[in-house]
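Some notes on the structure that comes next.
The values are calculated or read from the model by the stated rules, or taken from the named source; none is laboratory data. Just so we're clear, the structure is a prediction, and the values are computed from it rather than from any experiment. Backbone-built Cβ (ideal geometry, glycine too); neighbour counts: all protein chains shown.
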Amino acid sequence: MKTLELKDTAIKSGDETINYEQLIRSCLDNPPQGGFSMQDMKDRDRIEKALVASNGILELEDADVQNLKNLVSQMRWGVRHKDILALCDAIEQM
């Protein structure tokens, strides 16, 4: 089991501050080329369930960590920000 602290960021969306959980959810909801397969949905749902169960600390099994790493590396972000880089680095080090 590997863990990741779900930190707040300095990224703003209107009046709302974006946190790591929201950035991870963006990766989960980003469709792969050609759309979601059933396996894609199941794999992403496992990470989603871990996010729901988290209390500031995301706990993932090794296979889910690898899926999250793949999702983050494939994500195309709409903004450039140091906190996104910090999240990506933290996930890569899990």
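Below are the figures for this structure:
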read-out	value
Residues located in region 73-92, provided they are more than 19 Å from LEU58 (Cβ to Cβ) and charged (D, E, K, R)	ARG76, ARG80, LYS82
Evaluation of VAL79 against (1) of a type in the set (A, V, I, L, M, F, W, C); (2) modelled with pLDDT of 95 or more; (3) assigned to a loop (DSSP other than H, G, I, E, B) (one fails), failing number	(2)
Selection from region 1-29 of residues that are within 18 Å of GLN66 (Cα to Cα) and surrounded by 14 or more Cβ atoms within 10 Å (Cβ to Cβ)	LYS2, LEU4, LEU6, TYR20, GLU21, LEU23, ILE24, ARG25, SER26, CYS27, LEU28
Selection count, region 37-63, where residues are touching a residue at least 40 places away in the same chain (Cβ under 8 Å) and outside any helix (DSSP H, G or I)	7
Residues that are under 13 Å from LEU68 (Cβ atoms) and either at pLDDT below 95 or among the β-branched types (Val, Ile, Thr) (or both), drawn from region 30-47	ILE47
Long-range neighbours under 8 Å by Cβ, at least six apart or interchain, first residue free of Cβ contacts under 8 Å to residues at least 24 places away in the same chain and surrounded by fewer than 14 Cβ atoms within 10 Å (Cβ to Cβ) within region 71-92, second assigned to a helix (DSSP H, G or I) and not hydrophobic (A, V, I, L, M, F, W, C)	GLU92/LYS69
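Residues checked against (1) within 20 Å of ALA86 (Cα to Cα); (2) under 12 Å from the mean Cα position of the chain (by Cα); (3) of a type in the set (A, V, I, L, M, F, W, C); (4) at pLDDT 95 or above:
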| position | (1), (2), (3), (4) |
| --- | --- |
| THR17 | yes, no, no, yes |
| TYR20 | yes, yes, no, yes |
| CYS27 | yes, yes, yes, yes |
| VAL52 | no, no, yes, yes |
| ILE57 | yes, no, yes, yes |
| ALA63 | no, no, yes, yes |
